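Everything on this sheet refers to the single structure shown next.
The values are calculated or read from the model by the stated rules, or taken from the named source; none is laboratory data. Being a predicted model, the structure only gives us computed values, none of them experimental. Glycine gets a Cβ as well: all are built from the backbone with ideal geometry, and neighbour counts include every protein chain shown.
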Amino acid sequence: MRSRLPPIPIFLRNLHSSSSMASGAGLIFRTISSPSPTISSKLPSFVSSIPYSTTVSSSSHLFRGLCASVSRADGDWMRTKKLGGKVYASQRGYRKVRGRPAARKKKDKAKELELDVKICIEEQLPDDPEVLDIAEMLRLNVPMAMKLAFDGLKDSDHKTRDPAIDDVGQYESVELSILLCNDNFIRELNKDWRNVDHPTDVLSMSQHVPELKLPMLMMGDIIISVETAARQAEERGHTLLDEIRILLVHGLLHLMGFDHELSDEAESEMEDEEERLLRSLGWKGKGLIQSASNAEDDEDPLPNTHTDGRKKAGSLRFYKPKFSYIFCDMDGTLLNSKSQISDANAKALKEASSRGVKVVIATGKTRPAVLTLLKTVDLAGRDGIASEYSPGVFIQGLLVYGTQGREIHRRNLDIDVCREAFHYSVEHNVPLIAFSENRCLTLFHHPLVDSLHTIYNEPKAEIMASVDHLLSSGDVQKVLFLDTTEGVAGTLRPYWSEATAGRASVVQAQSDMLEIVPPGSSKGSGVRMLLEHFGATADEVMAIGDGENDIEMIELASLGIALSNGSEKTKAVANIIGVSNDEDGVADAIYRYAF
């Protein structure tokens, strides 16, 4: 949970300013808080009534010479970049800020104690608005927590606390650094200094050496993993800010000499002090020790909690992807029963893509149909998940596009099978569509033919004058019969399974449609070709589908998910059966299993 560690060099972005705050009890605390009006209005009156001024400094004992100070400009945080081991704001064109001349101090009988607090964001953490807002809030929260913690030392009778820090009134200033980082960063600290190869939520690194008799109290550093904090916040039902405040209190108490790992009595004393501080500050949630204890005792959690691993929408930025690729079907999977992409599914795909997961569409549809549908939820184009320049598996794996949208595979249906199918269509008045790359071709008008365009967004079918004219218009990858569910199951499928034996295969994506495709072709074979093109393996893939045409793709993937509305054959081969396409099945699968 924590450790006291020696200082280490850290490259980061330093967020620092200063102001003053009255503390009472004969001491005046000068702190770094510089709130915006919206933040200061939420503070206790004894804080929010104080005028604030902003300065910039890089004098932290831990970060001296390793980071450039930055300031806010027009309400935004400026960020630094690691350049050859040091960071220079001027090299990024950032505005240089000079510290304001110190205001002339008024004579005061009370002793002044300066609190020098650095709030820092490690550079590997994404530029996330919520994290930046939390960093700003901490500029106010940390000094308040320090004041209450110091007040708690007076006349205390703690039996297990290390008394090395006792009377803070003997110092001229107190220094403390807070670092927000990701799991990888805190894992490396654990590995290097504690021989523990996994991330933790908070680490405390003490800098205080009583024997030096320094005029300043160098408390040390508190390192908090935002990613671990986010997961714990979800598990415990409060916000990320609430969890980081809890971890701050825990880390601060460690630096003040509390150590719950020493004994049961030490744990009890530190737990009580955590609860006192959180309650006094008006912060939500239980202390870290009590929360951990409750988690161990709760062997039978209530239903609908997050024990199933489902992440909250908007939280994927704090989780590491389990897969490099998500292959996703369209009809019956990404699309609901109204052939629409829900907002929840769109948001989940955007989040996954923003975290570096490559989302690849694998469908029986044409590429124009896919792009038309994705445009409705802002998922098409160079900044979306699919475009004319992105990879994809289309028309049941018969057209496969690789990097930059270049065609890497095409397979056409036997021309004699096409001819026989269209003669059957005319003779039995059953509508049939030929898919020829980005075109749809047919021989006569029919309401079901129109529905393929109006409902499923396929290109509007072109009416050809004859079978020969149609077949001479271009290569045909597949043909699609449209009928009732009963007509497909009772007549079309049995007939064409026998008629095309050895020359073609029949597949179904929808119960009222029957597709005839080249033998041995499938979405799964298209996905396999694309992975070879990427130089990737199936171990890196999560696949989501519903129809029989998704079976090979789901079997190929490291994690194959069939939605509950899917065919029984598909669900039988899946690793997991997810919720239906009308219940945002794709989003549920991503939030539950992809990270």
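Condition first: under 15 Å from Ala145 (Cβ atoms) and in contact (Cβ under 8 Å) with a residue 40 or more places away in the chain. Can you find one or more residues in the stretch 207-219 that meet it? Looking through the stretch 207-219, at least one residue is under 15 Å from Ala145 (Cβ atoms) and in contact (Cβ under 8 Å) with a residue 40 or more places away in the chain. Among the residues making up the stretch 181-204, a single one is closer than 26 Å to Asp264 by Cβ and basic (Lys, Arg): Arg194.
I'd like to know if the stretch 548-562 contains one or more residues that are in the same structural domain as Phe394 (by TED's automatic domain parsing) and either assigned to a loop (DSSP other than H, G, I, E, B) or in contact with a Cys (Cβ under 7 Å, 6 or more places away or on another chain) (or both).
Kept after step one, since they are in the same structural domain as Phe394 (by TED's automatic domain parsing), are these residues of the stretch 548-562: 548-562.
From what's left, either assigned to a loop (DSSP other than H, G, I, E, B) or in contact with a Cys (Cβ under 7 Å, 6 or more places away or on another chain) (or both): 557-558.
Yes - at least one qualifying residue is present in the stretch 548-562.
Within the stretch 373-387, restricting attention to residues that are modelled with pLDDT under 95 and either of a type in the set (Asp, Glu) or out of contact with any strand residue (DSSP E or B) (no Cβ under 8 Å at 6 or more places or on another chain) (or both), which residue is nearest to Phe327 (Cα to Cα)? Among those that are modelled with pLDDT under 95 and either of a type in the set (Asp, Glu) or out of contact with any strand residue (DSSP E or B) (no Cβ under 8 Å at 6 or more places or on another chain) (or both), it is Gly384. Residue count for the stretch 119-134, restricted to those that are out of contact with any helix residue (DSSP H, G or I) (no Cβ under 7 Å at 6 or more places or on another chain) and within 15 Å of Phe318 (Cβ to Cβ): 4.
When the stretch 533-557 is examined, which residues are found to be closer than 21 Å to Ala352 by Cβ and of a type in the set (D, E, K, R)? Correct list: Asp539, Glu540, Asp546, Asp550.
Please tell me if Asp151 is within 41 Å of the chain's Cα centre (by Cα) and under 21 Å from Gly282 (Cβ atoms).
Working: within 41 Å of the chain's Cα centre (by Cα): yes; under 21 Å from Gly282 (Cβ atoms): yes.
Yes, satisfied.
Selection within the stretch 231-288: residues that are closer than 18 Å to Leu180 by Cβ and of a type in the set (Lys, Arg). The member of this set that is modelled with the lowest pLDDT is Arg231.
For the stretch 351-367, the set of residues classified as within 13 Å of the chain's Cα centre (by Cα) and either surrounded by fewer than 18 Cβ atoms within 10 Å (Cβ to Cβ) or in a loop (DSSP other than H, G, I, E, B) (or both) consists of Ser353, Ser354, Arg355, Gly356, Val357, listed by residue number.
Scanning the stretch 256-295 for residues that are assigned to a loop (DSSP other than H, G, I, E, B), of a type in the set (A, V, I, L, M, F, W, C) and under 18 Å from Met146 (Cα atoms) yields Met256, Phe258, Trp283. Note on the stretch 498-517: residues that are of a type in the set (Ser, Thr, Tyr), touching a strand residue (DSSP E or B) at 6+ places or on another chain (Cβ under 9 Å) and either in the same structural domain as Thr366 (by TED's automatic domain parsing) or under 15 Å from Asn549 (Cβ atoms) (or both) amount to 1. If the condition is being under 19 Å from Met256 (Cβ atoms) and in a loop (DSSP other than H, G, I, E, B), then the stretch 188-212 contributes Asp201, Gln207, His208, Val209.
Grab the helices (runs of 4 or more DSSP H) fully contained in the stretch 381-476, keeping just those with 2 or more residues being surrounded by 14 or more Cβ atoms within 10 Å (Cβ to Cβ) and of a type in the set (Ser, Thr, Tyr). Let's see the steps before the verdict.
Working: elements: 415-428, 447-454, 467-471.
Correct list: 415-428.
Yes/no per residue for (1) crowded, with 18+ Cβ neighbours inside 10 Å; (2) touching a Cys at 6+ places or on another chain (Cβ under 8 Å); (3) modelled with pLDDT of 70 or more; (4) in a loop (DSSP other than H, G, I, E, B):
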site: Asn304; (1), (2), (3), (4): no, no, no, yes
site: Thr307; (1), (2), (3), (4): no, no, no, no
site: Lys320; (1), (2), (3), (4): no, no, yes, yes
site: Phe323; (1), (2), (3), (4): yes, no, yes, yes
site: Gly332; (1), (2), (3), (4): yes, no, yes, no
site: Ser337; (1), (2), (3), (4): no, no, yes, yes
site: Ala344; (1), (2), (3), (4): no, no, yes, no
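Looking for whichever is more than 19 Å from Ser156 (Cβ to Cβ) and of a type outside the set (Val, Ile, Thr) here; the options are Ser291, Ser268. Which one fits? Going through Ser291, Ser268 in turn, just one is more than 19 Å from Ser156 (Cβ to Cβ) and of a type outside the set (Val, Ile, Thr): Ser291. Criterion applied to Ile590, Ile544, Ile554 was being surrounded by 24 or more Cβ atoms within 10 Å (Cβ to Cβ) and free of Cβ contacts under 8 Å to residues at least 40 places away in the same chain, and the one residue passing it is Ile554. Under the condition of being closer than 22 Å to Lys338 by Cα and among the polar types (S, T, N, Q), the residues counted in the stretch 468-518 number 5.
Just to check your reading of the model, which residue among Glu532, Glu515 is of a type outside the set (S, T, N, Q) and either in contact with an Asp or Glu (Cβ under 9 Å, 6 or more places away or on another chain) or surrounded by fewer than 19 Cβ atoms within 10 Å (Cβ to Cβ) (or both)? So that I can check it myself, show each step before the final result.
Numbers: Glu515 fails: either in contact with an Asp or Glu (Cβ under 9 Å, 6 or more places away or on another chain) or surrounded by fewer than 19 Cβ atoms within 10 Å (Cβ to Cβ) (or both).
Matching residue, one of Glu532, Glu515: Glu532.
Within the stretch 506-525, the set of residues being in a strand (DSSP E or B), within 27 Å of Thr537 (Cα to Cα) and at pLDDT 95 or above comprises Val517 only. Within the stretch 152-180, the residues that satisfy the criterion of being among the charged types (D, E, K, R), at pLDDT 90 or above and under 18 Å from Glu271 (Cα atoms) are Lys159, Arg161, Asp162.
Pairing residues of the stretch 485-509 that are surrounded by 16 or more Cβ atoms within 10 Å (Cβ to Cβ) with residues that are of a type in the set (S, T, N, Q), at Cβ distances under 6 Å and at least 6 apart in sequence or on separate chains, gives Val506/Ser497; Val507/Asn549; Ala509/Asn549. Taking the stretch 557-576 as the range and being within 12 Å of Thr333 (Cα to Cα), in contact with a strand residue (DSSP E or B) (Cβ under 6 Å, 6 or more places away or on another chain) and surrounded by fewer than 24 Cβ atoms within 10 Å (Cβ to Cβ) as the test, only Ser564 passes.
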